[in-house]
Amino acid sequence: MEKTLDVTGRETAVLDGGPADGLRMTVSDRPRVIQVTYPCQTEAAPHGVRAEGVYVYRLDYGVTSEPLRYGYDIASP
(Lines give C-alpha, C1' and ligand atoms only; values in the text may rest on other atoms or scores of the structure.)
Protein backbone atom coordinates (compact mmCIF):
# COMPACT_ATOMS: atom_id res chain seq x y z
CA MET A 1 0.00 0.00 0.00
CA GLU A 2 1.37 3.40 -0.97
CA LYS A 3 1.71 5.89 1.87
CA THR A 4 0.24 9.28 1.11
CA LEU A 5 0.37 12.73 2.67
CA ASP A 6 -0.91 12.57 6.27
CA VAL A 7 -3.32 15.06 7.81
CA THR A 8 -0.49 17.20 9.24
CA GLY A 9 1.17 17.62 5.83
CA ARG A 10 4.42 16.01 7.04
CA GLU A 11 6.32 13.55 4.81
CA THR A 12 9.72 11.93 4.74
CA ALA A 13 12.15 13.28 2.13
CA VAL A 14 15.67 12.40 1.02
CA LEU A 15 18.27 14.58 -0.72
CA ASP A 16 19.86 13.16 -3.85
CA GLY A 17 23.36 14.19 -4.98
CA GLY A 18 25.56 17.09 -3.94
CA PRO A 19 27.16 17.64 -0.56
CA ALA A 20 24.12 16.45 1.46
CA ASP A 21 23.51 13.27 -0.58
CA GLY A 22 21.37 10.77 1.32
CA LEU A 23 20.29 13.18 4.07
CA ARG A 24 16.79 12.26 5.26
CA MET A 25 14.35 14.68 6.84
CA THR A 26 10.70 15.43 7.44
CA VAL A 27 9.12 18.18 5.36
CA SER A 28 5.73 19.86 5.56
CA ASP A 29 3.52 20.68 2.57
CA ARG A 30 6.05 19.52 -0.08
CA PRO A 31 8.26 22.61 -0.46
CA ARG A 32 9.55 23.03 -4.02
CA VAL A 33 13.08 23.87 -2.88
CA ILE A 34 15.23 22.94 0.11
CA GLN A 35 18.30 24.99 0.94
CA VAL A 36 21.24 23.38 2.74
CA THR A 37 24.01 25.52 4.24
CA TYR A 38 27.46 24.67 5.50
CA PRO A 39 29.48 27.07 7.67
CA CYS A 40 32.74 28.33 6.16
CA GLN A 41 35.78 29.26 8.24
CA THR A 42 36.65 32.92 8.13
CA GLU A 43 39.83 34.74 9.04
CA ALA A 44 39.65 37.97 11.03
CA ALA A 45 35.95 38.47 10.36
CA PRO A 46 34.25 41.39 12.10
CA HIS A 47 32.14 40.47 15.13
CA GLY A 48 28.91 38.73 14.09
CA VAL A 49 29.94 38.13 10.48
CA ARG A 50 29.73 34.58 9.19
CA ALA A 51 30.01 32.90 5.81
CA GLU A 52 28.06 29.87 4.62
CA GLY A 53 28.10 27.77 1.49
CA VAL A 54 24.57 27.47 0.05
CA TYR A 55 23.32 24.40 -1.81
CA VAL A 56 19.87 24.06 -3.38
CA TYR A 57 17.81 20.90 -3.82
CA ARG A 58 14.65 20.84 -5.95
CA LEU A 59 11.63 18.58 -5.55
CA ASP A 60 11.40 15.70 -8.03
CA TYR A 61 7.74 15.92 -9.08
CA GLY A 62 7.90 12.41 -10.55
CA VAL A 63 8.05 10.94 -7.05
CA THR A 64 4.56 10.89 -5.55
CA SER A 65 5.03 8.70 -2.46
CA GLU A 66 7.44 8.69 0.47
CA PRO A 67 10.25 9.24 0.61
CA LEU A 68 9.99 12.34 -1.53
CA ARG A 69 13.19 13.08 -3.46
CA TYR A 70 14.98 16.38 -3.82
CA GLY A 71 17.72 16.53 -6.45
CA TYR A 72 20.84 18.66 -6.14
CA ASP A 73 20.76 21.72 -8.42
CA ILE A 74 24.36 22.29 -9.49
CA ALA A 75 23.45 25.63 -11.14
CA SER A 76 22.02 27.21 -7.99
CA PRO A 77 21.99 29.61 -6.35
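The values are calculated or read from the model by the stated rules, or taken from the named source; none is laboratory data. Computed from a predicted structure; not experimentally measured. Here Cβ is always computed from backbone atoms with ideal geometry, including for glycine, and neighbour counts include all displayed protein chains. What goes into the accessible areas is simple: the full protein's heavy atoms, side chains included, and nothing from ligands, DNA or RNA. Shrake-Rupley method; radii C 1.70, N 1.55, O 1.52, S 1.80 Å.
Which of the residues spanning the range 23-43 are open to solvent by 80 Å² or more (accessible area, probe 1.4 Å), part of a loop (DSSP other than H, G, I, E, B) and not basic (Lys, Arg)?
LEU23, ASP29, GLN41, GLU43
Can you confirm whether PRO46 is in a loop (DSSP other than H, G, I, E, B) and either in contact with a strand residue (DSSP E or B) (Cβ under 8 Å, 6 or more places away or on another chain) or at pLDDT 95 or above (or both)?
Answer is no for this residue.
Which is open to solvent by less than 70 Å² (accessible area, probe 1.4 Å), at pLDDT below 95 and part of a strand (DSSP E or B), of GLY53, GLY71?
After applying the criteria, what remains is GLY53.
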